[in-house]
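Take a look at the structure below.
What follows is calculated from the coordinates using simple rules that are stated; it is not laboratory data. All values reported here derive from a predicted model rather than from experimental measurement. Reconstructed Cβ throughout: ideal geometry from the backbone, glycine too, with neighbour counts over all protein chains shown.
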Amino acid sequence: MQNHTEMKSECQQEKALIETEQSRLRRRIRWVSTLRVVLFLTALLSISFYMAGEKSTVLPIISAVGLVLFMALVKYHTRLFTRYSRGEIRLAVCRTDLAHLDEDYSGQRAGEEYVDAAHDFAYDIDLYGRHSIFQMMNRTCSDVGSHRLAKVLGNPLTGATAIRQRQQLLQTMRDEKEFLTRFRVELLCAAAEDYATNGRKGDERILTLGNADWEAWTASPDEFASRWHYRLLTPAAACINLMAWGAAIAGVFPYSLSSLVTILFAIVSSAFTTRITRKQQEYSRHLHTLSLVAPALELVEQAPCKEFAAWQQIAQGVGQERGGVSASSAIRQLRRLMDNLDRRNNVVMLFLLNGLFFWEIRQMIRLERWKRLYACHIPAWMDALARADAYVSMALFVRHHPDYTWPKALEADGDFTYTATALSHPLMRRGTCVPNPIEIDGRPDFLVITGANMAGKSTYLRTVSANYLLACVGLPVCGTKMTFTPARLLTSLRTADSLSDGESYFFAELKRLKLIIDSLKRGEQLFIVLDEILRGTNSVDKQKGSLALLRQLVRLQANGIIATHDLLLGTLADHYPTHVHNHCFEADIRNDQLTFAYRLRPGIAQNMNACFLMQQMGIGEGEW
């Protein structure tokens, strides 16, 4: 596996190669455009001179050859422009990868719409929103993929087996660079085409699929295939025409009578033209969406990781459906059927075919049979595409963080373990975060973290929580070694009040604490992270309440961490020496200077810095 420097160098080389190819294509497109103009003008001038009286036989030949070459160059120019457009998208993908390798995630969607203060942990650990874990990881190219990634991150796995299966899948996907790139390019090309075709508002870098109501389309009644008299029209008309024209050829009927039969059928079929046109537009709209995602679905079907258990649900969604036809094959069938129906735009051909065997009705029956057979599977196709899009994002996160460590998940057998060394916060830039360990082993086991203001307590809690979430999602962690037992993560780090609900900060915090206690009483296994609880009350109440809460958590066999300024909580380790452990972050004041080591130390904090900081900033000056 490449290290970070090698990966960045490879990405820069790839970007340079794409830029060189794009420059070559631009030059070729300019030359082809110029040559097209020259050929067209040559053909136009040649035919003009010929029509003006110059009777040379060479002029028509020059004009004909010029027009043929012009049409050929039009097609060639279209192919060149398509290659150039895909190259631009691939270049954008490469630039995004370089930005992520430089830890610049500002260009990605942040997921503000997923922020929920009532979530178990998302609001506390910056899972969604600007400068969030979601934004750091998000490379999805569809709205359904973005929703799926948000759901995966917000609902971590609770079984060690499922976590290990996802780890194996992501380890394999990480090395399939071409698959990851092609999948994103296909979806981004689809997004650009959809944006250009529909002229919709929004981001042209994301394919919008969530607005399609496939269930309603599937449930809509058939107008032709479900009615016997329409199904009878086509063979009946064909048989009558066959007999009439056979009789005319045999000399029994005059040809005029056979022609009249065909014309009458064509006139009758015109009564259905308006209904068929409306249905054609409806099917064309759905085909447009399905055609956009067909290349990506085909990639999913051929994915190099489809043998993994974690990919099986995706493979099942796009794989062999009813009749042994995959998603991409079914879409190709629909495209062929629609191409056949589109031939009705040729009026002469339409009149003849309808007169012979009600051709339009026959095509609509075939289309409605397709819908009856496959439309019910489209939601599963879209769900599979969303899952694949989310997995690709996670695999790219793994690929671009080669220094991260794969944690070892243990089965939840009634015990609990969370031990790690050199944990850093994934959202902090490389080299800026001071790594720290964690050791929780056994049940119950609680860490009490004391320390001065700005010493690093809150950052440590978020570091521990964020890495625990990554581990439970099946991703590597920002540390050197980690062993853990998956459990439900519940935090109370920055409880928010609610003006709309008339809910104070203190009451909102009590509700969160009650949720924790009730979950423990139901026998749920939790990993609890608390920061300076009961801040909404006076110091005496806060102290008594905090001590009572921590005692209750120990009695309920809980595991977790609590950070506090209240040094009295450290005395609980005397009463529960095997279940409560004291650690601290110290602030050192030397030569009238305040320094922070940001290193976790055993024991209770000795130095507080609030008064010192106030004096340094001139607050309360002369009153100390």
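Hey, what number do you get for the chain at 222 nm if only DSSP H runs of n ≥ 4 count, each worth -39500 (n - 2.57), divided across all residues, to the nearest 500?
Result for the chain: -19500 deg cm²/dmol, rounded to the nearest 500.
Can you check how the C-alpha radius of gyration of the range 374-495 compares to 2.2 N^0.38 Å, as a plain ratio?
Cα Rg divided by the expected 2.2 N^0.38 Å: 1.28.
Report, to two decimal places, the Cα Rg of the range 100-245 normalised by 2.2 N^0.38 Å (N = number of residues).
For the range 100-245, the normalised Cα radius of gyration is 1.64.
Using a 10 Å Cβ count of at most 15 others and DSSP loop calls, identify the longest part of the chain lacking such GluC sites (Glu not before Pro).
412-523
Starting from the exponent 0.38 and prefactor 2.2 Å, build the expected Rg for the range 1-102 from its residue count and divide its actual Cα Rg by it.
Scaled against compact globular proteins, the figure is 1.75.
Based only on Cα atoms, what Rg/Rh ratio does the chain have, Rh being taken as Kirkwood's radius?
The Rg/Rh ratio comes out at 1.15.
Kindly flag which residue pairs out of Lys457/Lys514; Lys15/Lys481; Lys177/Lys481; Lys521/Lys542; Lys279/Lys306; Lys408/Lys542 have an alpha-carbon separation exceeding 29 Å in this structure.
In this structure, Lys15/Lys481; Lys279/Lys306; Lys408/Lys542 exceed 29 Å between Cα atoms.
With 5 Å bins from zero, work out the P(r) of the range 408-616 over every alpha carbon pair and list the percent per bin.
Spelled out per bin, shortest first, that is 1, 7, 15, 18, 20, 17, 12, 7, 2, 1, 0.
Pull out the extension gain between Asn155 and Arg369, defined as 0.36 nm times the separation in residues minus the alpha carbon to alpha carbon distance; nm, one decimal.
Result for the pair: 73.1 nm of gain on full extension.
Along the Cα→Cβ direction, 7 angstrom out, place labels at Lys8 and Arg443. What is the inter-label distance in nm?
My value for the distance between the label points is 4.4 nm.
Which whole DSSP H helices in the chain pass both tests: a Cα extent of 18 Å or more along the axis and a mean Kyte-Doolittle value no lower than 1.0?
Membrane-span-like by this rule: 255-269.
What ranking do 576-585, 543-552 get when scored by the average of other Cβ atoms within 10 Å per residue, highest first?
576-585, 543-552
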